[in-house]
1. Need pairs with beta-carbon distance below 7 Å; first residue touching a residue at least 60 places away in the same chain (Cβ under 8 Å) and among the polar types (S, T, N, Q) and within region 37-57, second loosely packed, with under 10 Cβ neighbours inside 10 Å and not in a helix (DSSP H, G or I); sequence gap 6+ or separate chains.
2. Here is a check on your reading of the model: is Ser83 part of a helix (DSSP H, G or I), modelled with pLDDT of 85 or more and farther than 30 Å from Lys127 by Cβ?
3. Being free of Cβ contacts under 8 Å to residues at least 40 places away in the same chain and under 30 Å from the mean Cα position of the chain (by Cα) narrows it down to one of Lys243, Lys257, Lys247, so name that one.
4. Name the residue that is surrounded by the fewest Cβ atoms within 10 Å (Cβ to Cβ), counting only residues in region 333-356 that are of a type in the set (Gly, Ala, Ser) and at pLDDT 80 or above.
5. Could you tell me whether Glu250 is surrounded by fewer than 15 Cβ atoms within 10 Å (Cβ to Cβ) and either in contact with a strand residue (DSSP E or B) (Cβ under 8 Å, 6 or more places away or on another chain) or not aromatic (Phe, Trp, Tyr) (or both)?
6. So Ile131 passes all but one of these: (1) surrounded by 14 or more Cβ atoms within 10 Å (Cβ to Cβ); (2) modelled with pLDDT of 80 or more; (3) farther than 30 Å from Glu251 by Cα; (4) among the hydrophobic types (A, V, I, L, M, F, W, C). Which condition number does it fail?
7. Could you list, in sequence order, the residues of region 176-208 that are touching a Lys or Arg at 6+ places or on another chain (Cβ under 8 Å), in contact (Cβ under 8 Å) with a residue 40 or more places away in the chain and among the aliphatic types (A, V, I, L, M)?
8. From Glu221, Glu295, Glu199, grab the single residue that is modelled with pLDDT under 90, of a type in the set (D, E, K, R) and surrounded by 18 or more Cβ atoms within 10 Å (Cβ to Cβ).
Amino acid sequence: MDKSSTLEYINQMFPTEASLSGVEPLMQKIKSEINHVDSGILAAVRQQSNSGTKAKEDLAAATLAVEELMYKIREIKSKAEQSETMVQEICRDIKKLDFAKKHAVNQLCSHFEAYRDIPKITELREKFKNIKQILKSHVFSDFSSLGTGKETEETNLLQQLSDACLVVDSLEPSVREELVNNFCSRELTSYEQIFEGAELAKLDKTERRYAWIKRRIRTNEEIWKIFPPSWHVPYRLCIQFCKKTRKQLEEILDNMKEKPDVGTLLMALQRTLEFEDELAEKFGGGTRSREIGNEIEEIGTGQSSSQSISDIRKKYERKLAAHQDSGTEEHDRNKDLSVPGAGFNFRGIISSCFEPHLIIYVELEEKTLMENLEKLVQEETWDIEEGSQNNVLSSSMQLFLIIKRSLKRCSALTKNQTLFNLFKVSS
């Protein structure tokens, strides 16, 4: 307070002479408050001092706890590594036992092959052979109900068949091959019956064939999970389907009394190519290279103006021959269809049967080309612009553009003999 405020405060507290008698009690009260404040300050200072010491002690304890935790973590990690090593050793022994359990008898048979004339060994070999034959017959009998609708009625049947697959894997690979082939053939029995009839055995019903197999796979996808993935059952089913479809389409095309309608033929071919691309995407395996025909397309753009038509034709013939040779080699590699994606190419597995019958398509393109050529000749003014250095008629540019489009349309369908025939017509 300033002095005036202090005087005012004293005058308010002691306005009269009689009130001065209260000075002594007020002084005692003020001294008591001062002592109380001093005690509080002293306690706060002592507490602050103790807090600093406590903080140091807590920090030291935390540091020690962290060190102990790191030690325990290292110890746990070391024990985990030891446990992992122990598990690997145990599993290695288990794998050896499993292998021995599956192949011990076969190894013993091989070992005693030189003693097969001994009656006791012959007896044991025959007994072993009979056991495998009995297992095979039981497994094949169980799988005979697959596809009949019983698997949806009997809840334990699918699990039983899944376990039977393990039995098949323990037998010879030929047993698995036979089982899968039998299953695929049985699945496609209804397909052959449906599409060999007079109603659907037609070229314009080709698209319905591919809808059938896609619907079949989609419907039975969950049921077919009983087969181990390494068996590739849907993949092999599709290969058998493609072979049967090709055979039936060949018969339809060969038995036609008249030439097929071009539109119907091309629509069936287009749907077939689309289906083959879907299979290639689903199971692996690419389509053929698109490099063939680049030289032909350059004619329409004028990039090969320095080359004569005969030069380009010779170059194209060489490319076509190389392409056909590579296709033959690829076909030879694809004889082993046991593993999908191992170089197998679905492109052409069905559609190649259309190739011998595409002559009518070439004839149609030739007719269209000649009509356009005649029209361009009639409309051509044969005038050349003054000062022009190219001396190029507008009709020639339009003609090359028409040829380019024709070849491009054909290359989307086939790059084999038909494309070469169309090239010869165009040149």
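The values are calculated or read from the model by the stated rules, or taken from the named source; none is laboratory data. All figures in this text were calculated on a predicted structure; none of them were measured in a lab. Positions of Cβ are generated from backbone atoms using ideal geometry, with glycine treated the same way; all protein chains shown enter the neighbour counts.
1. none
2. In short, yes.
3. The match here is Lys247.
4. Taking the candidates together, the pick is Ser352.
5. No: the conditions fail for Glu250.
6. With respect to (1) surrounded by 14 or more Cβ atoms within 10 Å (Cβ to Cβ); (2) modelled with pLDDT of 80 or more; (3) farther than 30 Å from Glu251 by Cα; (4) among the hydrophobic types (A, V, I, L, M, F, W, C), Ile131 is out only on (1).
7. Within region 176-208, Val180, Leu188 meet the criteria.
8. Result of the check over Glu221, Glu295, Glu199: Glu295.
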